[in-house]
Amino acid sequence: MKPHRIGIIGVGQTKYVTRRDDVILPELAREAAVIALEDAGIEFKDIDAIVFSLALDALEGVEGAEKWCAGTVGGFRKPFLRVHTGGATGGSAVHTGFFHIASGLFNCVLVLGAEKMGETHEAQNVLNQIFDPIYERQVAINAVNMCSFQAMRHMKKYGTTEYHLALVAVRSRKNALRNPYAHIKKEITVEEVLNSRVICYPLKLYDCCPRSTGACAVVMASERFIRKLNKRDVAWIKGVASCTNTYFMGDRMDDSGINDHADAEGLFLAAKRAYEMAGISDPKKEIEVAEIYAPFTTTELSAVEALGFCEKGESGISNERGVFDIDGKIPVNPSGGVLTANPISVTALARVAEAALQVMGKAEERQVEKARTAVATGEGGSLQFYTVTVLSDEM
């Protein structure tokens, strides 16, 4: 299947912080929307439809918060659709915007979301409720230990070490120093990571993402609209794909090798489909930069293997060799990634936004040299929902 010629022409982000007491959720969403529209050189009246990326109601403290935000972001008298697939929500929202335009119904779509997790005192308890209430919740499965299970399986299967996990944290924090939007901006050492408080072995405090507040928006448009606008800095969407894994964690922890929790099989399948759509046969050679949804260091190690940037079990060694550094062979998360900012309902959208900025050559200090093709991912639920988006500076 050949992709329709659809591109991102505007990107808007707010700074990601712990709290924003100066704005309510609709105002926060509007901030990112206005920035994205200004970047695209258009106005709210030029938008045909809106896709809103929003987390579960319990995190927002408002039932159906999209109703609260719709008018503020230009949704009055326009098609408006809320999307939610856990941490993959932002990626799913981008794909929804893509399909909106590919259908031929719309020429210009605003995809955005806002998150105020800093106001939710029981965020972890809320997230704990995503697991099966009969079997899994009774053994205290939560968002942290589901990824610690992934880490343990990767370590047992491939010989990955805590040192390899720490290298991911160090690189991410260092990259975030270049990103004006990052929440966590403090350089750390491997020793500091290894000596930080254990959250759920082998994951330590610095192996884990923060809880962030912020908003992100992208303006997506058809080739016809872009040509009419005479827009030159465009991130063309070359491939999109998603994949859903099993709901039960136990189904990913047998020895069959078919769906091993260590290997992010759902992401592998989504990437395979997105690459095929984009005409990519060798991601190691054809992708110059990646923005990966990795809320824990172990998630990134599994992801770079699933995306084809190295062989299975080689992500730890590849990190040692600097393959994924900002000046390495395939820079990963030059923005600092999810380890340095996690406004959960828009985190995967921020990955697409950052990838778009890279291929548009507008990533400022975090710009990767000669970044012409990028990939952005999302992971949601109990690592159940995966999205992959391939972007390029070429149509």
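The numbers here are math on the coordinates, done by the rules we state, and not lab data. It should be emphasised that the depicted structure is a prediction, and the values quoted were computed from it without experimental measurement. Virtual Cβ from ideal backbone geometry, glycine too; neighbours counted across all protein chains shown.
Once you keep just the Cα pairs under 8 angstrom separated by 6 or more residues, what percentage relative contact order results for the chain?
After rounding, I find 26 percent.
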Listed here are the pairs 185/370; 285/370; 204/272; 15/116; 238/362; 238/272; which of them are more than 23 Å apart at the Cα? 185/370; 204/272
I'd like to compare 144-156, 65-77: which one has the highest average count of other Cβ atoms within 10 Å, and what's the full order after that? 144-156, 65-77
Quick check: the angle from helix 162-176's long axis to the longest principal axis of the chain, C-alpha only, nearest 10 degrees? 30 degrees
Report, ordered by chain and residue number, the aspartates and glutamates lying within cross-link reach of residue 284, taken as a straight Cα distance under 12 Å and ignoring same-chain residues fewer than 8 apart. 305, 311
Quick check: the angle from helix 143-158's long axis to the longest principal axis of the chain, C-alpha only, nearest 10 degrees? 60 degrees
Per DSSP H run of at least 4 residues, take -39500 (n - 2.57); add these up for the chain, divide by its residues and hand me the 222 nm value, nearest 500 deg cm²/dmol. -10000 deg cm²/dmol
Cα long-axis angle, helix 89-102 against the chain (0 to 90 degrees, to the nearest 10): 40 degrees
Expected sort for 92-103, 375-386 on mean C-beta neighbours within 10 Å, highest first, is 375-386, 92-103
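Taking N as the number of residues in the range 338-377, what value does Rg over Cα atoms divided by 2.2 N^0.38 Å take? Working shown, then result.
Details: Rg = 10.5 Å, N = 40, 2.2 N^0.38 = 8.9 Å.
Relative to the rule-of-thumb radius for its length, the range 338-377 sits at 1.17.
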Between residue 187 and residue 21, what is the label-to-label distance in nm when each label sits 7 Å out along the Cα-to-Cβ direction? 3.3 nm
Counted charge near residue 148, where neighbours are those whose Cβ lies closer than 13 Å (Asp, Glu -1; Lys, Arg +1): +1
Given the convex hull over the Cα atoms of the range 196-336, what projected area results after averaging over all orientations, in nm²? 11.5 nm²
Among [x] 97, 58, 52; [y] 78, 55, 34; [z] 55, 45, 39, which is the computed Cα extents along the principal axes in Å? [z]
